[in-house]
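Presented below is the structure to which this report refers.
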Amino acid sequence: MPRSPLTFRAVALCVTPMILLPAACGDDETATARVSFTQPADDTTVAGGLHLEMSAEGITIEEAGEVHENAGHFRVIADDGCVAPGEAVTRDADHVHFGGGQAEGTIYLEPGSHELCLQAGDGAHIALDATDTVTVTVDITGVEQWCAVVGELEDLFDTIDASNDPFEIKQLGYENVRRLFTQLSAGVPHLDADIREAVQADIEFGDSIATAFIEAADVAAAEAALAQIDQDPLVVEGVEAVSETCDVDLGG
C-alpha cells in the first residue's frame, strides 16, 4: 500500500540525528503505559464476588485526587466497554473506581457472561489510554458454592450496615448485595426440591430490602419503603431451610 507524504515525513524525522530531536519518535513513557489483569484469567467461571488483582507498567498507580504525569489509578468497567481516552468515567456498580490506589479488590456481577475492561484513569478520573479486557462467567454450580455465597452476602450486608459511609456509597453496596441475591436465585435448582419454594421466598424478601435502599432518595425514604414490604409466610421457613442446608445461623 503506497505511503502518504505525511508517513514519509514521519519516517524521515525518526532517522534525524538525536542531537536535533532528543524526545521525538516514541521516547514518551505514556506511549508504553500498560495495565493488565493478573486475576481473573480470561474465561474464568466464579460464584459470588469476583476477586481482582491488577498490575501496571510505565505508569505509577496512586491515590486519586491530584493529577500527576505518568500516574493514575485503576478502574474496572463491566459490560460497557473501555472509555475513550480523555473522557470521564462514571461511578456505579458497573464502573468501579479503585481511587485509593488499590491493586486488588472485589466486584459483584449477576449470573451470566461478562466482559470486563481494566483501564487506568488519572487523578481527576479521566480515562487514560491503557486498558486490558477479560471475559468471565458468573455461575453457581453446586450446593457448596451456593452456601458460600450465602455467607458472603451476610458478611457484605453486615459490613454495609455497620459502616459510616454516606448513604449514596452504601447504595452501591446494596446493589452488590442485590446481585448476590440474584446469583442465589439462579442457583436454587441445586437445592433439595422440597425447600426450593421457601428458599426462593426468602431470597425475594431479602432482594426487596436491598432494592428499597437502592431506589430510595435518602435514609428516610428507605425506611418508609421498608415499612411497606410484606413478608411472605414462607420466608421464616426459608430462613430455617437455608440455615440447615448451609449449617449457619440466620435466625438472628
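Computed from the coordinates by the stated procedures, all read-outs in this text should not be read as laboratory data. As the structure is a prediction and not an experimental result, all values here were calculated from the model. Backbone-built Cβ (ideal geometry, glycine too); neighbour counts: all protein chains shown.
Table for the structure above
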{"read-out": "Antiparallel DSSP beta bridges within segment 29-138, as percent of all bridges there, nearest 5", "value": "85"}
{"read-out": "Among R178, R196, R75: highest mean-square fluctuation, GNM of the chain, C-alpha pairs under 10 Å", "value": "R196"}
{"read-out": "Which label in (1) 17.7, 54; (2) 24.4, 86; (3) 23.7, 82 gives the computed Rg and Dmax of the Cα atoms in Å", "value": "(3)"}
{"read-out": "Segment 184-252, Rg to Rh (Cα coordinates; Rh as Kirkwood inverse mean 1/r)", "value": "1.04"}
{"read-out": "Net lengthening on full extension, E215/A88 (0.36 nm per residue, minus Cα-Cα)", "value": "43.3 nm"}
{"read-out": "Selected from A56, G123, T106, residue furthest toward positive end of dipole (segment 29-138; charges at beta carbon)", "value": "T106"}
{"read-out": "Calculated FRET efficiency for the pair R34/E69, C-beta based, R₀ 22 Å, to 0.05", "value": "0.85"}
{"read-out": "Derived scalar couplings ³J(HN,Hα) [segment 168-173; Karplus, 6.51 cos²θ - 1.76 cosθ + 1.60; whole Hz; x for Gly, Pro]", "value": "5, 6, 4, 4, 4, x"}
{"read-out": "Calculated FRET value between D129 and F167, using beta carbons and R₀ = 45 Å, to 0.05", "value": "0.80"}
{"read-out": "DSSP-assigned coil residues among chymotrypsin sites (Phe, Trp or Tyr not before Pro) in segment 59-165, each with at most 11 further Cβ atoms within 10 Å", "value": "none"}
{"read-out": "Relative packing of peptides 66-72, 91-97 - highest average C-beta neighbours within 10 Å first", "value": "91-97, 66-72"}
{"read-out": "The chain, dipole about Cα centre (Lys/Arg Cβ +1, Asp/Glu Cβ -1), debye to the nearest 20", "value": "1540"}
{"read-out": "Lys, Arg +1 and Asp, Glu -1 on Cβ, resulting dipole of segment 175-251 about Cα centre, debye, nearest 20", "value": "320"}
{"read-out": "Angle in degrees between helix 196-215 and the longest Cα principal axis of the chain, rounded to the nearest 10", "value": "50"}
{"read-out": "Kirkwood Rh and Cα Rg combined as Rg/Rh, segment 29-138", "value": "0.95"}
{"read-out": "Pairwise label distance in nanometres, D247 with Q231, each label 7 Å out on the Cα-Cβ vector", "value": "2.8"}
